[in-house]
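Worksheet: one structure, shown below.
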Amino acid sequence: MEIITRAPRLRSVAAKLAAENKSIGLVPTMGALHEGHLQMIREAQRMTDVVIVTIFVNPQQFKSEAALRAYPRDLAQDMETLKPLGVDYVFTPSETEMYPDGFASWVEVGVHDHELEGAQRPDHFRGAATVLTIYFNLVHPKFVFMGQKDAQQTIIAKKMVRDLHSPVEIIVTPIVREADGVAVSSRNAHLTPEQRKALHVMPRALRAAEQLFNQGERHAGKLVKAMRKELDAEPLARVDYIAVTDTEHLDPLDDVKDKASIISLAVYFGDTRLIDNLILNDMKFKARAGIRLGEAKT
Ligand SMILES: Nc1ncnc2c1ncn2[C@@H]1O[C@H](COP(=O)(O)OP(=O)(O)OP(=O)(O)O)[C@@H](O)[C@H]1O
Ligand SMILES: [Mg+2]
């Protein structure tokens, strides 16, 4: 496993791999690696010849300096986690490597990018799309792997790839969940034991909506109401948003009918804000609704 910190080195490694006709799978992360990341890496290894994992905590994606500083980082531990997997390359650039002095070019994808996850962090998706574009230009990956947990990010990335004709395909991997159904997330490390227990209300709320849906309810407001009821009963949870949208443009839906749709939510536990989601009416996702740890296939 080679650890690369400089962009020119990454570019020359990727060029050599291309000359050898090797396909590259890219797995972008912010580090503090967990089973969600590892599932993406394993999928990348199945689908491509060479896997490049990136670890970069993108300052653009944070609401405040304090939130950026508090983000869990453990590069040494991440390397230990990656070694046994047989990952080929890890790209861990510094902030100045990604944004050198005078950096002034940004990629904006105008699909509700200032709503939901972008509402309080207006630069969030601009930062994510720009970093992805830099990676694509350096590496020319065949596939890039992104988690369904960050559903809005996958929708924005797919839209960017379509609009800009990027020669890359985005592979969305299912949400990896703890045994109690909670989505694995780096930020879960910020929670107190009580908050971690309370976090269970998120998958519970999604399940309540899913049950109603399975009973034939198609009115988005009714699904949201059922979720609110669950969430309001948990004193440690403070809802940021619950949204029912389509899966292509994130357009809000009043009625989910037979359209592929997504219910997403963000909830605060103390200062920690966590997200989760559920896809409805999409056969592609039906078979891959999520992976519970312990049942996870490797
Ligand atoms: N539980 C999960 N299941 C599947 N993919 C995941 C999961 N958690 C994160 N990912 C994916 O890993 C990629 C990198 O995410 P990131 O490094 O921000 O991890 P994270 O756990 O989402 O961190 P945070 O807690 O800060 O949101 C994203 O594509 C994200 O969707
Ligand atoms: Mg994340």
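The values are calculated or read from the model by the stated rules, or taken from the named source; none is laboratory data. Treat the numbers as computed from the prediction; the structure is a model and nothing was measured. In this analysis, Cβ positions are derived from the backbone assuming ideal geometry, glycine residues included, and neighbour counts consider all displayed protein chains.
Brief remarks on what is shown
- Among the conditions (1) surrounded by 15 or more Cβ atoms within 10 Å (Cβ to Cβ); (2) outside any loop (DSSP other than H, G, I, E, B), residue 109 misses just one, which is (2).
- Residue in segment 48-58 that is over 27 Å from residue 106 (Cβ atoms), part of a strand (DSSP E or B) and within 16 Å of ligand 1 (Cβ to nearest atom) present: yes
- Test: residue 203 is part of a loop (DSSP other than H, G, I, E, B) and either within 14 Å of ligand 1 (Cβ to nearest atom) or out of contact with any helix residue (DSSP H, G or I) (no Cβ under 7 Å at 6 or more places or on another chain) (or both): no
- Close Cβ contacts (under 7 Å, 6 or more residues apart or on different chains) running from residues in segment 266-279 that are away from ligand 2 (no atom under 15 Å from the Cβ) and at pLDDT 95 or above to residues that are part of a strand (DSSP E or B) and not aliphatic (A, V, I, L, M) comprise 268/238; 268/240.
- When every residue of segment 122-138 is checked against the conditions, at least one turns out to be surrounded by 18 or more Cβ atoms within 10 Å (Cβ to Cβ), in contact with a helix residue (DSSP H, G or I) (Cβ under 6 Å, 6 or more places away or on another chain) and in a loop (DSSP other than H, G, I, E, B).
- One residue stands out among those in segment 89-109 that are of a type outside the set (Gly, Ala, Ser) and over 21 Å from the mean Cα position of the chain (by Cα): the one that is farthest from residue 49 (Cα to Cα), which is 101.
Every residue, every condition in (1) touching a Leu at 6+ places or on another chain (Cβ under 7 Å); (2) more than 24 Å from residue 18 (Cα to Cα); (3) aliphatic (A, V, I, L, M); (4) surrounded by fewer than 18 Cβ atoms within 10 Å (Cβ to Cβ), yes or no:
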site	(1), (2), (3), (4)
141	yes, no, no, no
148	no, yes, no, no
152	yes, yes, no, no
159	no, yes, no, no
164	no, no, yes, yes
169	no, no, no, yes
185	yes, yes, no, no
193	no, yes, no, yes
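Residue by residue, here is whether (1) in contact (Cβ under 8 Å) with a residue 12 or more places away in the chain; (2) outside any strand (DSSP E or B); (3) under 25 Å from residue 36 (Cβ atoms); (4) over 20 Å from the mean Cα position of the chain (by Cα) holds:
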| position | (1), (2), (3), (4) |
| --- | --- |
| 188 | yes, yes, yes, no |
| 195 | yes, yes, yes, yes |
| 221 | yes, yes, no, yes |
| 225 | no, yes, no, yes |
| 230 | yes, yes, yes, yes |
| 238 | yes, no, yes, yes |
| 243 | yes, no, yes, no |
| 264 | yes, no, yes, no |
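- Residue, surrounded by the most Cβ atoms within 10 Å (Cβ to Cβ), within segment 245-261, restricted to residues that are acidic (Asp, Glu) and assigned to a loop (DSSP other than H, G, I, E, B): 248
- Of the residues in segment 47-64, at least one is farther than 23 Å from residue 121 by Cα, touching a strand residue (DSSP E or B) at 6+ places or on another chain (Cβ under 8 Å), within 16 Å of ligand 2 (Cβ to nearest atom) and in the same structural domain as residue 149 (by TED's automatic domain parsing).
- Residues located in segment 169-186, provided they are more than 13 Å from the chain's Cα centre (by Cα) and either near ligand 1 (Cβ under 7 Å from one of its atoms) or not hydrophobic (A, V, I, L, M, F, W, C) (or both): 169, 177, 178, 180, 181
- As for segment 23-43, it holds at least one residue that is more than 16 Å from ligand 2 (Cβ to nearest atom), under 17 Å from the mean Cα position of the chain (by Cα), under 28 Å from residue 189 (Cα atoms) and in a helix (DSSP H, G or I).
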